[in-house]
Amino acid sequence: MTGLRYVYAVCRPFGTPLQAQLTGVAGDPPRALTHHGLMAVVSHVPERDFAEEPLRRHLEDLDWLTETARAHQGVIDALTTVTTPLPLRLGTVFHDDSGVRMMMEAREEDFRRTLDRLEGRVEWGVKVYAESEPQESARPPQKAASGRDYLRQRRMQTRSHEEMWQKAEAFSTRLHEELSAFAEDSRMHPPQNPALSKATGRNVLNAAYLVPRAHSEEFVELVDRTKGEVPGMRIELTGPWAAYSFAGEAT
């Protein structure tokens, strides 16, 4: 089959076959391309969509980007069940197999070092949302009898707002410390934009934790025990993922 080579990840060779029905970006099944004891997982993609100029245009098309990202992640998820993949960025494309091998050779040392560090480990994501955020611009619940009453009510609203955020900050800080102590490594990410994530509440913790696969069940139990501990706080756990947050410059 002709076309460009789309690269999902680099890993060490593994003996377990991927799902027979697995398809990748543009509907082509992924395959293995080995070089110097490393393996790149690739598939063929058409030049009309993945050459430099059309790819740049497509990356501004939200529907196309969503479909491509879903197919990309599907391959990464399948790899994560059988090995420790080092995911490459969405839209990593080369002209042919030779280009992929040249990339692997140029970055071989970094790939090996990062794979050694991540071997047998997965990433778990934890987000905490404060579900009941007071609106600073909201009208006082009762009509103020005077300007002094209005200011008093506004001060009470502000104090309630500050107390809620102090509680949210204390809870998320404590949770992050507990999870970080259990995990081998952790990363704090910027809070999610609610307009993009569509999640309700305000995101007060957005973190990733690197956990040995063998200890994942204990990590999940640790998170579950904190759910419902503080009213108004919602905890979301996602994973296990390939260790995107801990791959560093190798990706």
Exercise. In straight Cα distance, which aspartates and glutamates are under 12 Å from K227, not counting same-chain residues fewer than 8 positions off?
Worked result: E236
Exercise. How many nm separate the modelled label positions at T200 and E109, each set 7 Å beyond the Cα in the direction of the Cβ?
Worked result: 5.3 nm
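Ranked highest first by the average count of other Cβ atoms within 10 Å around their residues, in what order do 105-113, 61-69 fall? Show your work: numbers first, answer last.
On the way: 105-113: 14.7, 61-69: 12.8.
Ranked from most to least packed, the peptides come out as 105-113, 61-69.
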Exercise. Under a 1.4 angstrom probe, counting protein chains only, how are D77, D97 ranked by accessible area, largest first?
Worked result: D77, D97
Seminar exercise, completed: Taking only the alpha-carbon positions of region 42-119 as identical scatterers, the Debye log10 I(q)/I(0) at q = 0.14, 0.20, 0.25 Å⁻¹ comes out as -0.57, -1.06, -1.27
Problem set entry | For region 1-74: rounded, prolate or oblate by the Cα gyration tensor [a/c cutoff 1.5] | prolate
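The values are calculated or read from the model by the stated rules, or taken from the named source; none is laboratory data. Quantities reported herein were computed from a predicted structural model and do not represent experimental measurements. Don't worry about glycine lacking a Cβ; one is built from the backbone with ideal geometry, like all the others, and counts go over all protein chains shown. Accessible surface areas use protein heavy atoms only, side chains included; no ligands, DNA or RNA. Shrake-Rupley method; radii C 1.70, N 1.55, O 1.52, S 1.80 Å.
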